[in-house]
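The values are calculated or read from the model by the stated rules, or taken from the named source; none is laboratory data. Just so you know, these numbers come straight off a predicted model, no measurement behind them. Neighbour counts run over all protein chains shown; Cβ positions are idealised from the backbone, glycine included. Side chains are part of the model used for accessible areas, which takes the heavy atoms of the whole protein and leaves out ligands, DNA and RNA. Shrake-Rupley method; radii C 1.70, N 1.55, O 1.52, S 1.80 Å.
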Amino acid sequence: MQKKKIFKIVSLFAFILFVPSLFWAQIISPESGTWANRQLLIVEVPEGGNVFYSLNGTDPERSGFAYDGPVLIDLDGEVSVNVSIIDKKGNRTSRKISYAVNEVEFPAEKKSAEFLTAVTSSGIVEYLPGESFSIPAELEYSLGEKPEIYTSGTELSLSSDMVISRYIPCAVTDGNGIWRFMIKVSPVKSGIFSRKDVPFEIIDWDTFEFSDKSFIYKIDDQWWSQPRERVVLDRSVNHMISWQSVDYSKQNIVKFFNLPPKPQIVQKTEESGQIQVSVNSDSDYKFGILQNEGETCELYDSFNIDTFKGDNYDGNITIGVFYDSVLQGKMDISFSIHKKNPKAPMIMPSVPETFARQAVRVAIASTEKHSVYYAVSGPVILDEDYTVEADDVLFDLNSISYKKDTNVAVILEPMNEGAAAYKVCAYCVDEHGNKSKSSEYAVIIDQRNYFLDGTITDPEKLKMANGTIKYPFTDFSQVVSLINQSRFVHIRVNGDVRVPAGVSRITSNCKIDGTTDARLILSPTTSFLIKNSSVSISNCIISLAESRNTTETAFLFNLERGVLYLDGVELSAAFGKSGSIISCEKSVLNIVNTGLTSTAESYSSIVSSVQSKIQIKKSRLTVVAGTAVNISAQGGLFELTDSTCIVTGVMGRIAELFDTHSTICRNNFVGDLKKPMGNNKPVYTDEKNYSVDYSENNITGF
């Protein structure tokens, strides 16, 4: 490996200000994890100590490198760093850090790529308080060790009064890789360089040592003397320190120093989160920063401790306090700045998918018991022919109102008007006012729309089948039981879809729409019972897989106080001895633009009805049987217009009407019969039938 020194760490606070409470070195970088760029080794070395490191698993002190500043570890893949730390007393400790480097291409977005190029070139970004550091909004960032909570990129800044120098780890991600680098904060605030020369030293606030023996001294109203021992004073009150030349004379100049009480340190947390450190007494108290040699110092009236938005900064520092440019003593300060956003709340829906058929119960909880706020957007009623996913629905998020969670679950209800889309948004607020990212859950609740697609062969789609456009059902049996659970169901059919054997009982309203190649394939024993409900079938071909061989009269559709509407349907049924396509009792039947064909050995008809309302328009009815009848109706209303009706067999009629009100106009009636029933009357009516209109019908073969 080629060792690349970046620069040497300079300790600005080695003597008095900002002495770390922990003596051992802190390893700032690298950190365990998988990173998309090569990492730096950065160690805060204790005063008078030494650090050694190795990259090949060996003892760093025997065959490693001496650490004297940040080093780029020019390795990728699995990397292990051994670090040995020796303090000035010779005490040793060691640590092993393992991590991985898996380089990932920068995102295609120009700003993001330029940003990552800049921050990873050396691995360190130099930052001066008062300036701005911008992370592109297309990236997310996390500050501090062990990045966990990512926030959308933004502009970061610190007050120019911030005087602490530190490294802040920063990880950014585009969702594919995580790049980690360091932000080095170097203070720019200037204080005053001033030290007063006095012939005494104050040792930790209350102990005085009179260092210059060429003077005599007086404390407050005591006698002049030349103390040979240290003097301890009560620093809760004022004192006057006076001195003059040891050669006593009235002409000697008497100098003095006013010593005020020990101040209290005040920490004020501002709205931005930064902490301002000052004293609550005489304004002549200042805070001092000594240079490494301890010869001069820079003094401040106050100073700030701060960190970037998205970071927590806790610590202890020791400051030097000066009065009238004379060091009074040290004070310890503990501080805690919380600017890291809490984790987003967990949204736990009863239906984890983004599609549901029933009401969805949504529970919301914080992982750390923070305050949770939530809002529900919707319902948005979707068009009947919607094809969007829940995440694609446009919600009005500008006018939503957030509520504080009181542990009451949110219930998202289905809508009778159609498919309803909802979005639940929630965020957390911690005790410091930091707001988390928003958690979101979007769902479409649809009890109406189902999709059937007989062309699906993908095993994954077959496994995930739920009747949605993305994962359609492939067999009518999968939807039969669901029809009766809702007030209305809309089924869309594509390809060849099989209908199960036996009776499919439909007791709720249902609409079946087919595409240009939609086909419902019935088994020999399939039939539909439509009871107290309405069924509409459009644009479908319906056919039997094979002929029915039963000796009993069979029906494909049985209507009991039901409604059947056929539009654009082609249906052909081959029965055994006898059979009819549709049987109606006290029901409603509408047939439009439809072709119906029924065949049987003995007797067959298209429609057989009792006390029902029948309306047939622009359709084609064909029956082939020994006795062939298109329509047999007893009671009710009957209308047949603009249609072609064909009967083929030994004998037959277009219609047999008993006690009905009938309208029969503009039709073509064709008979191919061995024994025509005569009188050129394809329609038989009894004496109770009332003919509203019978006109413009073309008749052949009767």
Considering only region 366-399, how many residues are open to solvent by 40 Å² or more (accessible area, probe 1.4 Å) and part of a loop (DSSP other than H, G, I, E, B)?
14
Can you tell me which residue among Y167, Y217 is out of contact with any helix residue (DSSP H, G or I) (no Cβ under 9 Å at 6 or more places or on another chain), in a strand (DSSP E or B), more than 30 Å from S302 (Cβ to Cβ) and aromatic (F, W, Y)?
Y217
For region 106-153, which positions are part of a helix (DSSP H, G or I), β-branched (V, I, T) and in contact (Cβ under 8 Å) with a residue 40 or more places away in the chain?
V119, T120
Only listed residue being of a type in the set (V, I, T) and farther than 30 Å from D446 by Cβ, chosen from I305, I364
I305
For region 608-702, which fully contained strands (runs of 3 or more DSSP E) count at least 1 residues that are open to solvent by 60 Å² or more (accessible area, probe 1.4 Å)?
620-624, 627-641, 651-658, 661-665, 668-673, 683-685, 690-695, 698-700
Restricting the search to region 96-144, which residues are open to solvent by 20 Å² or more (accessible area, probe 1.4 Å) and of a type in the set (A, V, I, L, M)?
V104, A108, A113, A118, V125, L128, A137
Filtering region 475-526 down to residues that are in contact with a strand residue (DSSP E or B) (Cβ under 8 Å, 6 or more places away or on another chain), part of a loop (DSSP other than H, G, I, E, B), open to solvent by less than 40 Å² (accessible area, probe 1.4 Å) and under 19 Å from R357 (Cβ atoms) yields F476, S508
Among the residues in region 318-330, are any under 40 Å from the mean Cα position of the chain (by Cα) and either polar (S, T, N, Q) or buried (at least 18 other Cβ atoms within 10 Å of the Cβ) (or both)?
no
Pick from region 139-174, criterion among the small types (G, A, S) and touching a strand residue (DSSP E or B) at 6+ places or on another chain (Cβ under 8 Å), ranking: nearest to T120 (Cα to Cα)
A171
Just to be sure before I move on: is D324 without any contact (Cβ under 8 Å) to a residue 24 or more places away in the chain and within 30 Å of I203 (Cβ to Cβ) in the structure I sent?
no
Tell me yes or no: at least one residue of region 81-92 is among the small types (G, A, S) and within 35 Å of the chain's Cα centre (by Cα).
no
Cβ contacts < 9 Å: first residue at positive phi, restricted to region 489-511; second residue in a strand (DSSP E or B) and open to solvent by 60 Å² or more (accessible area, probe 1.4 Å), any location; separation 6+ or different chain. Result?
G495/R519
Could you please let me know if G315 is buried (at least 20 other Cβ atoms within 10 Å of the Cβ) and at pLDDT below 90?
no
Six or more apart or on different chains, Cβ atoms under 7 Å: show the pairs whose first residue is in region 189-215 and closer than 13 Å to W243 by Cα and whose second is among the small types (G, A, S).
P199/S211; F200/S211; S214/S245; F215/S245
Residue selected from region 220-255 under the condition part of a strand (DSSP E or B) and loosely packed, with under 15 Cβ neighbours inside 10 Å, by the criterion nearest to the chain's Cα centre (by Cα):
V232
Looking at region 63-75, is at least one residue under 30 Å from T154 (Cα atoms), open to solvent by 60 Å² or more (accessible area, probe 1.4 Å) and free of Cβ contacts under 8 Å to residues at least 40 places away in the same chain?
no
